[in-house]
Each structure stands twice: as C-alpha cells, then as structure tokens.
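J.: For reference, the structure I am asking about is given below.
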Amino acid sequence: MLRTIDAGIDPYDVEDLARARDGTFWLADIGDNGLNRSTVALERLRPDGSATLFRLTYPDGPHDAEAVLLTPSGQLFIATKEPLASNVYTPAGPLSAARPTPLRKVASTGFLPTGTAGGPAGTAGQVVVTGGAVSPDGRTVVLRTYTDAYVWSAPDGDVAAAISSGERRRIPLPPTAQGEAVTFTPDGRSLLTSTEGVPAPVHVIPLGDAVPTPTRTAAAPTAAGRSEPDSEPGDLLRTLAAPLVAVVAIGAALSFVLTRRR
C-alpha cells in the first residue's frame, strides 16, 4: 500500500535516505555540486508526519555528497563524492534543530577505475560515491559508485573502523544510466540497487561471498554480481612504489656508466 507523508520542509538537494527501525526516515539533503553551501542538512521524517530539519557544517569547507549511512543504534554518517576518494563524517555531538551541528571526519576511502560498464560519465563515474547503506544487523556496510558496490564487514558495528580498514570486496553492478540507490534486503543477504529516472529497474544482488576477507590484492574487472577483493588507491600506489624505485635506480646507474664510458 502506497502512503504519502507530507511535511513542511523545503529541501535543497536531497540525495539519499535511510530508514530507522521505528519507521523514521532520514533524508540526506547533502548535494552541493557547486560547493557553495555553508551548511547541509539531515531531515527527520517520522511516521506520524512530523518533520525536523537539522543543519550540519563540515570542518574543512563545502563537500558534495550523495550517501548517508544509518546504523541500527541511530548513528549517522555522510560519505562525500570527491573523485577517487570519499571522506566519511559523523555529527560531532547531538543534532540540534536550533543551530548547525559540526561534523567531524572519521574515515576516508578511495576508488580506482574498474572498467565496469554503466553510469553517465564513463571512467569518472567509476570513482565517485553515489549511495550507501548499513545492513539491518549493522554488521555490513556498502558504498556504491555509478558502476560498482564496495562492501565492508563491520562485525562489531563500527562503521568508521570498517571503512578505514581498507578490507573490502567489490561487486560490479548491472549497467544503468545513473545508478545512485543501494540498500540491503531485510535479511541482509542481498543488495537492492536502482537508478534515477522513471521507470527504473530494481536489481537484487546476492552478496554471496562478498563478506570481506583480510586481503589487499587488487581485483580485475569481473562479471556483474560477482564479488572480488579490492584495494584502495593508496594500497596500489604502495604496491607499485618498490618496483618503481628499483627501475629509477637502475636507470640512474646505467646513465652513470654510459656517461663514464663516454
């Protein structure tokens, strides 16, 4: 049964939403394509139709964002949409309807091009966060780009620690025009994903083996729905650093020898 809940709030750019266990919706009014908002907002919409606006301020200037994460205990996180990297923020104190609440940065993660088809921007769409969710039991976290989903295990419910760990798995998603929606099924065993526009397909993506394992090996593109270990950009750079230093050293040595012989 479709029900419409109306409230007296005029949002600026709602990009994501999350539903609490009691049926309360949290609307993430966090879009800022022009990077000119002094505050962003979370809007609480209760089942009885009452609504409250909570303004938030970043500690380091404006950010564009499209993902909100809500844990079963009620903790809220915002994941930003910078290319190749995403910073994760949470309110530094209790939310206030009377004044803006400062945010504090608690985690960061990054993404490399994957070659997965879909999205409106080619390679650029593979490296920006467009949605996120926490499983109903709080033990799994997902952030998505236009093309892929990244899944972290949070066995103790610590979302920030899970994302900071870098231990995650990547699931290529079915290609869509502008995929920005992701959530978990009630049993937490699958993802539901969709795209902007009407009509919009809803895809069910079984998580299967997508519980992250302690591996940091970069994964090649794979078929939609299959998960593979994934590394953050920093991990790849560290992996490449040693061979690169060796190549530079060899080149310098050869240059020195040739100069001496001349």
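J.: Provide the per-residue ³J(HN,Hα) series for the stretch 39-51, in order, calculated from phi with Karplus coefficients 6.51, -1.76, 1.60 and θ = phi - 60°, each as a whole number of Hz, with x at glycine and proline positions.
T.: My calculation for the stretch 39-51 gives 9, 10, 8, 10, 10, 8, 10, 7, x, 7, x, 6, 9 Hz in order.
J.: Counting heavy atoms of the protein chains only and a 1.4 Å probe, report the per residue accessible area for the stretch 1-145 as a whole number of Å².
T.: Numbers: 6630 Å² over 145 residues.
Accessible area per residue: 46 Å².
J.: Now, a different point. Rank by packing, highest mean first: peptides 133-143, 90-100, with packing defined as the count of other Cβ atoms within 10 Å averaged across residues. Could you put the intermediate results ahead of the total?
T.: On the way: 133-143: 21.8, 90-100: 12.3.
With the highest mean Cβ count within 10 Å placed first, the list reads 133-143, 90-100.
J.: Could you sort 146-158, 22-34 so that the peptide with the highest average Cβ count within 10 Å comes first and the rest follow in order?
T.: On the way: 146-158: 21.0, 22-34: 17.6.
Ranking the peptides 146-158, 22-34 by packing returns 146-158, 22-34.
J.: With r as the distance between the Cβ atoms of residue 48 and residue 84 and R0 = 45 Å, compute the FRET efficiency 1/(1 + (r/R0)^6) and round to 0.05.
T.: Numbers: r = 42 Å, r/R0 = 0.94.
With a Förster radius of 45 Å, E is 0.60.
J.: Can I ask one more? If I compute solvent accessible area with a 1.4 Å probe over the protein chains, what percent of it on the stretch 82-173 is carbon and sulfur? Numbers along the way, then the final one.
T.: On the way: 1680 of 3090 Å².
Of all accessible area on the stretch 82-173, carbon and sulfur atoms account for 54 percent.
J.: What ranking do 55-65, 191-201, 78-88 get when scored by the average of other Cβ atoms within 10 Å per residue, highest first?
T.: Ranking, from highest mean packing down: 78-88, 55-65, 191-201.
The values are calculated or read from the model by the stated rules, or taken from the named source; none is laboratory data. Note that the structure is a prediction, hence the values are computed from the model and not measured. Heads up, the Cβs are rebuilt from the backbone with ideal geometry, glycines too, and the neighbour counts pull from every protein chain shown. For accessibility, only protein heavy atoms count, side chains too; no ligands or nucleic acids. Shrake-Rupley method; radii C 1.70, N 1.55, O 1.52, S 1.80 Å.
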